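For reference, the structure discussed in these notes is given below.
The values are calculated or read from the model by the stated rules, or taken from the named source; none is laboratory data. This is a predicted model, so every value here is computed, not measured. Quick reminder, even Gly has a Cβ in these numbers, built from the backbone with ideal geometry, and neighbours come from all protein chains shown. Just the protein is used for accessible areas: all its heavy atoms, side chains included, with ligands, DNA and RNA removed. Shrake-Rupley method; radii C 1.70, N 1.55, O 1.52, S 1.80 Å.
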Amino acid sequence: MLRYVTTNEGKVREALDYLDDDVTQLDFDYTEVQAAELGPIAAHGAREAYRYAGEPVLVDDAGLFIGGFDGFPGPYSSYAEDTLGVEAVYRLAAAELDEPRRASFRCVLAYCDGEEFEASPDPIDRDDRTVAAAHGAEQDAQETEALPVKLFTGVVNGRIVAPRGDGGFGYDPIFEHDGTTFAEMSATEKNGISHRGRALAKFATWYPERTE
Ligand code: ITT
């Protein structure tokens with residue numbers, strides 16, 4: 001059984017559209033290490049979740065990257081939502097940035113089942129050396145153990161606008177794609193074009209081969 005690792009119900013609803021009934025949520029709050037990119041954070045989380053669950057896991061790490069802010073909040077999107085709030089992120093962008101205030105949503109899915117992977121177009125993260133170096137002496141010996149993780153990435157471009165719509169979750173009301181905010185779209189419309197939908201589509205194509 002595949003465990004979809006997240007504390008966020010909104011992500012689970014979207015993921016279940018792409019994955020069959022053999023998937024259940026694992027509400028596990030893995031350690032979000034500090035990194036400029038989502039990939040190492042998701043890979044580290046997948047190793048931790050796999051060791052915890054002892055069965056195949058899929059970690060979903062996502063963020064909103066605002067171009068004029070050098071990608072902020074990016075990997076800190078969750079922290080920015082909890083501290084500033086979504087509307088304040090919009091107000092900051094509106095005050096500081098010229099139109100069109102380009103931004104992208106990114107999602108990295110990190111899969112780990114304890115086994116090696118064959119070469120493929122999707123990247124494989126083989127160990128935590130970068131993270132280990134950043135954490136120095138605090139790094140747990142077990143965390144440095146090589147445990148391969150396969151990464152599936154999805155990106156969608158858009159722009160930051162005043163909040164509109166009440167669907168979706170998180171930053172959806174302030175992210176507009178082709179004239180519509182994600183919060184104004186139905187779940188199916190959002191999933192069809194979103195960062196998560198794109199990453200999930202790649203995963204859903206690959207995963208059946210893994211389980212054959
Ligand atoms: P988990 O880490 O437990 O999965 P989380 O909500 O903290 O839950 P992330 O760190 O990946 O997940 O999310 C970063 C932030 O980006 C968080 O504030 C989310 O609400 C937001 N976010 C993620 N995906 C989103 C989406 O599809 N639409 C809008 N906001 C999203």
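Coordinate range of the alpha-carbon atoms in region 7-86 per principal axis, descending: 41, 25, 20 Å. Based on every Cα atom in region 144-212, Rg and the maximum pairwise Cα distance Dmax equal 15.4, 47 Å. Each residue was assigned an accessible area with a 1.4 Å probe, and for ILE193 the value is about 40 Å². So, R0 is 35 Å and r is the distance between the beta-carbons of GLU99 and GLU212; what FRET efficiency does that work out to, to 0.05? After rounding to 0.05, the efficiency reads 0.10.
With charges only on Cβ, +1 for K and R and -1 for D and E, what is the dipole size of the chain about its Cα centre, in debye, rounded to 20? Don't skip to the answer; put the middle values down first.
Working: 19 positive and 41 negative charges, 122 e Å.
Around 580 debye, computed over the chain.
With each run of n ≥ 4 DSSP H residues scored as -39500 (n - 2.57), what mean residue ellipticity at 222 nm is computed for the chain after dividing by its residue count and rounding to the nearest 500 deg cm²/dmol?
Values: 7 runs with 73 residues, N = 212.
Counting only the DSSP helices, I get -10000 deg cm²/dmol.
By accessible area, using a 1.4 Å probe on protein heavy atoms only, the chain has 47% of its surface on carbon and sulfur. From the C-alpha coordinates alone, can you work out the Kirkwood hydrodynamic radius of the chain, in Å? The answer is 17.7 Å.
Decide, for region 47-100, between rounded, prolate and oblate: order the square roots of the alpha carbon gyration tensor eigenvalues as a ≥ b ≥ c, take rounded if a/c falls under 1.5, and otherwise choose prolate if a/b is larger than b/c, else oblate. Walk me through the intermediate numbers first.
Numbers: a/c = 4.54, a/b = 2.79, b/c = 1.63.
The shape class here is prolate.
Can you tell me the orientation of helix 86-96 relative to the chain, as the angle in degrees between its alpha-carbon axis and the longest Cα principal axis, to the nearest 10? For helix 86-96, the angle is close to 60 degrees.
With +1 on the Cβ of every Lys and Arg and -1 on the Cβ of every Asp and Glu, and nothing else charged, how large is the dipole of region 26-94 about its Cα centre, in debye rounded to the nearest 20?
Numbers: 3 positive and 12 negative charges, 32 e Å.
It comes to approximately 160 debye.
In this structure the chain gives 50 Å² per residue of accessible area when probed at 1.4 Å with all protein chains present.
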